[in-house]
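Presented below is the structure to which this report refers.
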Amino acid sequence: MTITDVAAAQHENVYRVEDQASGLVGFIAIHSTALGPAAGGLRMKPYASEADALTDALRLSEGMTYKNAAAGLPLGGGKAVIIGDPATQKTPDLLRAFGRAVEACNGRYWTAEDMGMTPADMGVLAEETRFVAGLADGAFASGDPSPITARGIFNAIRRVAVHQFGSANLSGRRVAVQGLGHVGWNLCHRLKAAGAELIVTDIDADRVEKARDALGATAVGLNEIYAVPADIFAPCAIGGILNGETIPQLTVKAIAGGANNQLATAQDAELLHARGILYAPDYVANGGGIINVATEILQIETAEDWVSEHLSALDNTMERILRAAKEADVSPALVAEDVVLQTIKRHAA
Ligand code: NAD
């Protein structure tokens, strides 16, 4: 296995990892360790090129710096990617080789599950490295983070509701949910229990059917979710869905959801602001997941209480961001970035 340094101006370290025997080619990107060891998941995808994989690792690791700082965690930002199809090219040898690369970072980078990975895969990595979270079992195993992620998003939805409708009460509020996977499904249950009316879409027809039957949700087509009359939009599927094409269609007054990188470009936050749509920055709204993972990395004995305390602090951070954005008449995305950079600066001082 060979690990080579890759020059990247905005990152502390970027490593290209190759193991010819297992066919492993990937990158570990450590964006910042200013707040603590860099933490962020491992993604396996059939990237079209090494350049694409590197770009993804650089972008995602920077995003983790922001997410971890916003969540008040003593963790920096990192991310790793492996090039390949997880369905056909993921072998124990390849995972073990990657595990050795993580171990070689000597604790500056902690990995965990992301797209294309399972808790069982994390178990294989753990044969080679101590610096892996998201294990299925063990003393501090944190399990599926999505219920905690959904709890955080639900809090964010209540916050935007206060700002836009004058009350956190969601009874009768129409919430459009895009994506009924781990996060979206949990969120829908919470929203339903709070009396919200659900409008849902998913590429998986079975999930939509289930939401209709079990939660009384109204189903709409994949592209109809943007223009559907609703109060709040909760994107819980894929990134880049807030863009020049979708934003003009939106009828909602607020957006708060779980998907990563919801804005296609930074400019799209301005478009939302100009339309009077309050956007809860995604990496703040969905920080519950990494809070849950952090209990494993930081080996927290009283995980349940610790998670609740951190979710509550995250909720306060969201409120601070929304209020400051309103006072300055700017997008919450701008304020969130400032809050995060100030946090990092304070720690670096
Ligand atoms: P998931 O794979 O379980 O669910 C995603 C769902 O979205 C699936 O049901 C899928 O069919 C659906 N989907 C995909 N493309 C779609 C489209 N174009 N339109 C409508 N539906 C579509 O993933 P998840 O764990 O629920 O995560 C959802 C999002 O939240 C992702 O962006 C993820 O990165 C982010 N996120 C998840 C967590 C977590 O704890 N799982 C934490 C933070 C952020």
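Do you know which of the residues in the stretch 297-342 that are crowded, with 18+ Cβ neighbours inside 10 Å and hydroxyl-bearing (Ser, Thr, Tyr) is nearest to the chain's Cα centre (by Cα)?
The selected residue is Thr317.
Scan Lys67, Lys79 and give me the residue that is touching a residue at least 40 places away in the same chain (Cβ under 8 Å) and assigned to a helix (DSSP H, G or I). Steps first, please.
Numbers: Lys79 fails: assigned to a helix (DSSP H, G or I).
Every option except Lys67 fails the conditions.
Among the residues of the stretch 17-30, are any buried (at least 17 other Cβ atoms within 10 Å of the Cβ) and more than 20 Å from Lys90 (Cα to Cα)?
yes
Consider Ala254 against the criteria (1) crowded, with 24+ Cβ neighbours inside 10 Å; (2) within 13 Å of the ligand (Cβ to nearest atom): it satisfies all of them except one. Which criterion is unmet?
Looking at each condition in turn, Ala254 falls short on (2).
Looking at the stretch 97-120, which of its residues are part of a helix (DSSP H, G or I) and either at pLDDT below 95 or out of contact with any helix residue (DSSP H, G or I) (no Cβ under 6 Å at 6 or more places or on another chain) (or both)? Walk me through how you get there before you give the answer.
Taking the stretch 97-120 first, the residues part of a helix (DSSP H, G or I) are 97-104, 119-120.
Matches in the stretch 97-120: Ala97, Phe98, Arg100, Ala101, Val102, Glu103, Ala104, Pro119, Ala120.
Could you please find all residues in the stretch 274-311 being closer than 24 Å to Met115 by Cβ and of a type in the set (D, E, K, R)?
Asp282, Glu296
Just give me the residues in the stretch 97-122 being away from the ligand (no atom under 16 Å from the Cβ) and among the hydroxyl-bearing types (Ser, Thr, Tyr), in sequence order.
Tyr109
When you go through (1) over 17 Å from Ile241 (Cβ atoms); (2) within 16 Å of the ligand (Cβ to nearest atom); (3) charged (D, E, K, R) one by one for Glu301, which number turns out not to apply?
So Glu301 meets the others, but not (2).
Determine which single condition Asp213 fails, assuming it passes every other condition in (1) out of contact with any helix residue (DSSP H, G or I) (no Cβ under 6 Å at 6 or more places or on another chain); (2) within 13 Å of the ligand (Cβ to nearest atom).
Checking Asp213 against (1) out of contact with any helix residue (DSSP H, G or I) (no Cβ under 6 Å at 6 or more places or on another chain); (2) within 13 Å of the ligand (Cβ to nearest atom), the one that fails is (2).
What residue, among those in the stretch 126-175 that are in a strand (DSSP E or B) and hydrophobic (A, V, I, L, M, F, W, C), is nearest to the ligand (Cβ to nearest atom)?
We begin by selecting, within the stretch 126-175, every residue in a strand (DSSP E or B); these are 132, 174-175.
Going one step further and asking which of them are hydrophobic (A, V, I, L, M, F, W, C), we end up with 132, 175.
Numbers: Val132: 17, Val175: 15 Å.
Looking at residues that are in a strand (DSSP E or B) and hydrophobic (A, V, I, L, M, F, W, C), I get Val175.
If I ask for residues that are within 16 Å of the ligand (Cβ to nearest atom) and not β-branched (Val, Ile, Thr), which ones from the stretch 280-298 would you list? Break it down into steps so the answer makes sense when it comes.
Of the stretch 280-298, the ones within 16 Å of the ligand (Cβ to nearest atom) are 280-297.
Within the stretch 280-298, Ala280, Pro281, Asp282, Tyr283, Ala285, Asn286, Gly287, Gly288, Gly289, Asn292, Ala294, Glu296 meet the criteria.
Among what's in the stretch 176-206 and is near the ligand (Cβ under 6 Å from one of its atoms) and crowded, with 19+ Cβ neighbours inside 10 Å, pick the residue that is nearest to Val252 (Cα to Cα). Explain how you work it out, then say what you get.
Restricting attention to the stretch 176-206, the residues satisfying the condition of being near the ligand (Cβ under 6 Å from one of its atoms) are 178-184, 201-204.
Now restrict to residues that are crowded, with 19+ Cβ neighbours inside 10 Å: 178-180, 183-184, 201-202.
Values: Gln178: 13, Gly179: 17, Leu180: 19, Val183: 21, Gly184: 18, Thr201: 16, Asp202: 19 Å.
Applying the filter and picking the extreme gives Gln178.
Being at pLDDT 95 or above, surrounded by fewer than 18 Cβ atoms within 10 Å (Cβ to Cβ) and either under 30 Å from Gly276 (Cβ atoms) or not hydrophobic (A, V, I, L, M, F, W, C) (or both), is that true of even one residue in the stretch 137-156?
Within the stretch 137-156 (the criterion being at pLDDT 95 or above, surrounded by fewer than 18 Cβ atoms within 10 Å (Cβ to Cβ) and either under 30 Å from Gly276 (Cβ atoms) or not hydrophobic (A, V, I, L, M, F, W, C) (or both)), the answer is no, since none of the residues qualifies.
Please determine, by comparing only the residues of the stretch 1-14 that are under 23 Å from the mean Cα position of the chain (by Cα) and in a strand (DSSP E or B), which one is nearest to Asp85 (Cα to Cα).
Checking each candidate, the answer is Val14.
The values are calculated or read from the model by the stated rules, or taken from the named source; none is laboratory data. Because the structure is predicted, anything quoted here is derived from the model rather than measured. A quick note on method: Cβ atoms are made from the backbone with ideal geometry, for glycine too, and the neighbour counts reach across all protein chains shown.
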